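Below: one structure in structure tokens.
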Amino acid sequence: MAVVIRLARGGAKKAAFFRVVVADSRVRRDGRIVEQVGTFNPRRDDEGATLQADRIRHWLDLGARPSDAVKSLLRKAKITADAPAEEAEAESVPAVAE
């Protein structure tokens, strides 16, 4: 089963609202989902995305592929699959004194 992280549309006509969901790639856009990991409201002027970073990293570590739109949201939120590992390595590397 190929798992993707993508947007599922909701809201009224001309007033879109999206849920960031984890779903099987063979299921239709607004069909059955595995887990909802956030929301995105494109009509808001400020940051319209609310994302659960820990759950998104979990699914990315398991091999889920984000859609292009979700990749853009993840870049803006600075969420990557290996962010916790990078932070841990950066803290554990001793500073070299010259």
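The values are calculated or read from the model by the stated rules, or taken from the named source; none is laboratory data. Nothing here was measured: the structure is a model prediction, and the numbers come from that model. All Cβ positions, glycine included, derive from the backbone under ideal geometry; neighbour counts span all protein chains shown.
With respect to the numbered conditions (1) of a type in the set (D, E); (2) farther than 17 Å from A2 by Cα; (3) modelled with pLDDT under 90, which one is the sole condition not fulfilled by D54?
Evaluating D54 over (1) of a type in the set (D, E); (2) farther than 17 Å from A2 by Cα; (3) modelled with pLDDT under 90 leaves (3) as the failure.
Could you grab me the full set of residues in the stretch 10-28 that are surrounded by 11 or more Cβ atoms within 10 Å (Cβ to Cβ) and over 17 Å from G63 (Cα atoms)?
Correct list: G10, G11, A16, F17, F18, R19, V27.
Can you name the residue in the stretch 34-47 that is at pLDDT 85 or above and assigned to a loop (DSSP other than H, G, I, E, B) and is also farthest from A16 (Cα to Cα) among such residues?
If we take residues in the stretch 34-47 being at pLDDT 85 or above and assigned to a loop (DSSP other than H, G, I, E, B), then V34 is farthest from A16 (Cα to Cα).
Do you know which of the residues in the stretch 4-22 that are more than 20 Å from A77 (Cβ to Cβ) and either part of a loop (DSSP other than H, G, I, E, B) or among the hydrophobic types (A, V, I, L, M, F, W, C) (or both) is nearest to the chain's Cα centre (by Cα)?
Checked the stretch 4-22; the qualifying residue nearest to the chain's Cα centre (by Cα) is A15.
For the stretch 59-81, how many residues are assigned to a strand (DSSP E or B) and surrounded by fewer than 17 Cβ atoms within 10 Å (Cβ to Cβ)?
1
Quick one: is I56 surrounded by 15 or more Cβ atoms within 10 Å (Cβ to Cβ), part of a loop (DSSP other than H, G, I, E, B), on the phi < 0 side of the Ramachandran plot and not aromatic (F, W, Y)?
Judged against the criteria, I56 is not a match.
Is there any pair linking a residue in the stretch 10-35 that is more than 23 Å from D54 (Cα to Cα) to one that is among the basic types (K, R) and outside any strand (DSSP E or B), with Cβ under 8 Å and at least six apart or on different chains, and which?
Close Cβ pairs satisfying both conditions: A15/R43; A16/R43.
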